Amino acid sequence: MTLLAPRRSPLVGESATTRRVLLALALAAIGLFLLLPLATVFAEALSKGWGAYFEGLADPDARAAIRLTLLVAAISVAVNFAFGIAAAWAVTKFDFPGKSLLVTFIDLPFSVSPVIAGLIYVLLFGAHGLIGPWLIAHGVEVIFAVPGIVLATVFVTLPFVARELIPTMEMLGRGDEEVARTLGASGWQIFFRVTLPNVKWAALYGVLLCNARAMGEFGAVSVVSGHLRGQTDTMPLHIEILYNEYNFVAAFAVASLLALMALFTLALKSALEAVTENPGR
Amino acid sequence: MFARAASPRVIPGFGPTLGFTLAYLSLVVLLPLAMIPLKALGLSGAEVLAIVTDARTLHAIGLSFGAALAAAAVNAVLGTLLAWVLVRYDFPARRLVDALIDLPFALPTAVAGISLAALYAPNGWIGERLAPLGLKVAYTPLGIVVALIFVGLPFVVRTVEPVLEALDAEVEEAAATLGASWFAGFRRVVLPLIGPAVLTGFAMALARGIGEYGSVIFIAGNLPMVSEIAPLLIAIRLEEYNDAAAAMIALLMLAAAFALLLTINLLQAWARRRIGG
């Protein structure tokens, strides 16, 4: 069985039959749990033909949802990119007490339920919230408006860039930056000409994952959005509305765009991993 | 206060980057999160008691934890199998399968949710095959487990893969030459070495599953006392303008999740000591 040739030295006694059974089980699991749900999105979207598919996407509310999702993702990625750079610089270039606590706090949004992420902003900025009434009296709407959606998305996507950059910059050490400094480079020069070229792939990787989550966030955004069609509806929220109206073709048509985004993300991620595994890039 | 006598800092930017990091983290994460205990503290003792002994609340929290535990257990086995096959065997499309493992991280939860609901509904592609067997998945707690298996699938694979990559083949070969069968070799030599990684992945999948919302609500049916998860109950209480009850349930969830993860960490520390690794 050349097909099942082991990649590395096998366990002696792991027979070809065992290998075949394990591989078959693994591929069946992949098919059942991953491929089938993915294929269903496209099958359902196209179940009434391409005409119905494009009709679902051409709807003004769908278009408004796509625009809002792109806007929210762009803002979230930009601010969390800036945060990731600053946090990684502070954590990896200097020693200070409480550093590991800080790194733990950066990861905190990953262990909080998305619904709780939305909840905290309602408690803060909602009509019955801590500072919500004051803000509303001054004409600033956060909850059931775009700022709330941006805030909730920023919260859930906060760790992505930082957690890619911190281990990479930790590994690279401080030597290059220290040499650049002794040669008279300014802080910004060091960052743009020494650090950034070294970590560009890790940064891009973080941005990619951050963007995928920002475009797809549902729970946190659902709590703060208010679900105003054409105004505070992101793509995932619009999918929910269409699905609950039994407009399945349109729901899956919008979903198929997000599924394509996910596939594009995976492809780019694999390409990035290939680049970083090969030192001769 | 942060000053250090030895080695003056050569690299510039300590103040601005740490200042920005702390300010941003406080404003976006820490202060908003503090709203949960703050709001819950505003409740009287009797109100707290009413919420924490409410049958619907307790059922929702129990369901979220139970379903997440079941799904994480399935993922521990499935993830170990997938990592084993991906690291050790060469087969066509291996790289493609490897890339596909991360699909649940990249695919928005609402998309996964409606897709799984369509698949497992009584008239869906899988649902109609299970119906004659008397098995109902969609709109039952089992559907919740299926959704959580999907979202948690990559965790164990990704934590176990690097350990298997690094596993010394000599260790296994020694076990084999000593006469151990393949299974005995796996159970007594490989499993203890990858155990901590499996447990880490299990804990991550569990934490994710407890709070998961988007992929679950479409397939769950959301029947109170049957298939209503805790995050959904929080959202419902908020829609009823019962902010304090929402905060209290959130606090319960956070406390329970924290206790669970602490237990797993302790278990892991104990396992490491035992292996002497």
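The values are calculated or read from the model by the stated rules, or taken from the named source; none is laboratory data. None of the values given here were measured: they were computed from a predicted structure. Note: ideal-geometry Cβ built from the backbone for every residue, glycine included; neighbour counts use all protein chains shown. Quick note on the areas: whole protein, heavy atoms, side chains included, nothing else; ligands and nucleic acids left out. Shrake-Rupley method; radii C 1.70, N 1.55, O 1.52, S 1.80 Å.
Quick notes
- Note that region B:1-128 presents 43 Å² accessible area per residue, ligands and nucleic acids not counted, probe 1.4 Å.
- Convex hull volume per residue for chain A, taking Cα atoms only, in Å³: 215 Å³
- 5 angstrom amide H check on B:Tyr89, placed H, neighbours 5+ away: A:Arg7
- Membrane-span-like helices in chain B (whole DSSP H runs, Cα extent of at least 20 Å along the helix axis, mean Kyte-Doolittle hydropathy of at least 1.0): B:55-88, B:141-166, B:191-211, B:243-275.
- Taken about its Cα centre, chain A carries a charge dipole of about 700 debye when Lys and Arg each add +1 at the Cβ and Asp and Glu each add -1 at the Cβ.
- Computed over region B:43-276: relative contact order in percent, which uses C-alpha pairs under 8 Å that are six or more apart: 32 percent
- Candidate cross-link partners of A:Lys269 among the lysines, defined by an alpha-carbon separation under 28 Å and a same-chain spacing of 8 or more, comprise A:Lys93, A:Lys200.
- Check: the protein assembly as shown dipole with +1 on Lys, Arg Cβ and -1 on Asp, Glu Cβ, in debye: 1060 debye
- Taking chain A and dividing mean pair separation by its residue count, relative contact order in percent (alpha carbons under 8 Å, at least six apart): 30 percent
- For region A:152-277, the alpha-carbon coordinates run over 65, 31, 19 Å along the three principal axes, in decreasing order.
- Within the accessible area of the protein assembly as shown (1.4 Å probe), percent carbon and sulfur: 67 percent
- All aspartates and glutamates inside 19 Å of B:Lys136 as judged from Cα atoms, apart from same-chain residues fewer than 8 positions distant: B:Glu128, B:Glu228
- Accessible area buried by the pairing of B and A, both sides summed with a 1.4 Å probe, works out to roughly 8100 Å².
- Contact order relative to length of region A:20-145, as percent, for alpha carbon pairs under 8 angstrom and 6 or more apart: 8 percent
- Shape call, the protein assembly as shown: gyration tensor on alpha carbons, a/c limit 1.5: rounded
- Where chain A is the region considered: accessible area per residue in Å², 1.4 Å probe: 44 Å²
- Ranking B:Ala68, B:Ile51, B:Ile36 by Cα position along the charge dipole of region B:18-96, where only Lys, Arg, Asp and Glu carry charges on their C-beta atoms, puts B:Ala68 farthest toward the positive end.
- Most positive-pole-ward Cα, A:Gln189, A:Tyr246, A:Thr153, against dipole of region A:50-277 from beta carbon charges: A:Gln189
- 1.4 Å probe, heavy atoms, protein only - residues of region A:192-229 losing at least 10 Å² accessible area vs chain alone: A:Ala212, A:Arg213, A:Gly216, A:Phe218, A:Gly219, A:Ser222, A:Val223
- When A:Thr17, A:Thr168 are compared by accessible surface with a 1.4 Å probe, the order from highest to lowest is A:Thr17, A:Thr168.
- Measuring heavy-atom accessible area with a 1.4 angstrom probe and counting protein chains only, the residues of region A:235-269 that give up at least 50 Å² relative to the chain alone are A:Tyr243, A:Leu266.
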